[in-house]
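In what follows, a single structure is set out as structure tokens and then discussed.
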Amino acid sequence: MASAHYNLFLQEAWKGTLGDLTSAGVAVKVRLMRTSAYTFSQAHQFASSLPAALVTDVTLGSKVANGNSPGGGSDPGCFDAADATFVAVPSGAAIDCLAIFRDTGTPATSNLMSYIDGFTVTPNGGDITIQWQASAPWIAKL
Amino acid sequence: MSTVTMINSVGENAAGSEIELPDEIADLFILRGYADGTLSRDYDPNERAEILGEQQVVGLGG
């Protein structure tokens, strides 16, 4: 599975129902996951389809829609944000994928945005920082 | 309590926000590079090494 947008997110993005996702008032979160516990599906629309959080989800900040957070850059259409740090991730099997979603406070209405895999980290009980790509597409490009 | 400005997003603390934290947590965030602020006290090299010890960084993409 390659990284991908959720089609049902793209649908809502085109319809304009999700608001300004870079606004500080809109919570966009990241959840670390294991592919052994989650299989990506384009049928998934909401965070209720994700497995339980392994550790507190990270709320993204310094969000921009043109790459190169925090100031913003010259890549229109590219979502970027400051790096995400998960604190004291319990030791266990390798973590190898993540999902980004717009959190409404209710999983059944929290729109899944993007799925990213292609990495692996075996938690040692300490913090895990996800450093987003430092060039296009940064986190993700529509 | 200490006030810090988040550089990384850490848990519920979004990057760019200014937050008030207990001194110990604020110092940990500052020393690990997650936040900007003023340490509540001096830390010797052994303490700093211990605080920095268990971090893992995953770089995505190029």
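Summary of computed values
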{"quantity": "Which of A:PRO70, A:THR104, A:PRO123, positive extreme of dipole for the protein assembly as shown (C-beta unit charges)", "calculated": "A:THR104"}
{"quantity": "For the protein assembly as shown, convex hull volume per residue from C-alpha positions, Å³", "calculated": "118"}
{"quantity": "Value of relative contact order over segment A:72-142, rounded to a whole percent, pairs C-alpha under 8 Å and six or more apart", "calculated": "47"}
{"quantity": "FRET efficiency estimate (nearest 0.05) - Cβ-Cβ, A:THR56 to B:VAL57, R0 22 angstrom", "calculated": "0.75"}
{"quantity": "Cα centroid separation - segment A:100-135 against chain B, whole Å", "calculated": "20"}
{"quantity": "Segment A:9-95: C-alpha pair distances exceeding 17 Å, %", "calculated": "60"}
{"quantity": "Ellipticity estimate at 222 nm from DSSP helix runs (n ≥ 4, -39,500 (n - 2.57)) divided over chain A, nearest 500", "calculated": "-2000 deg cm²/dmol"}
{"quantity": "Chain B: C-alpha gyration tensor shape, a/c 1.5 cut-off, then a/b vs b/c", "calculated": "oblate"}
{"quantity": "Distribution of pairwise C-alpha distances over segment A:50-142, 5 Å bins, in %", "calculated": "3, 12, 22, 23, 20, 14, 5, 1"}
{"quantity": "Calculated from backbone phi, Karplus (6.51, -1.76, 1.60) coupling profile of segment B:38-45 in Hz, x at Gly/Pro", "calculated": "10, 5, 7, 7, 7, 10, 7, x"}
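FYI, it's all coordinate maths here, none of it is from the lab. Quick caveat: nothing in here was measured; it's all calculated off a predicted structure. Glycine also receives a Cβ, built like all others from the backbone with ideal geometry; neighbour counts cover every protein chain displayed.
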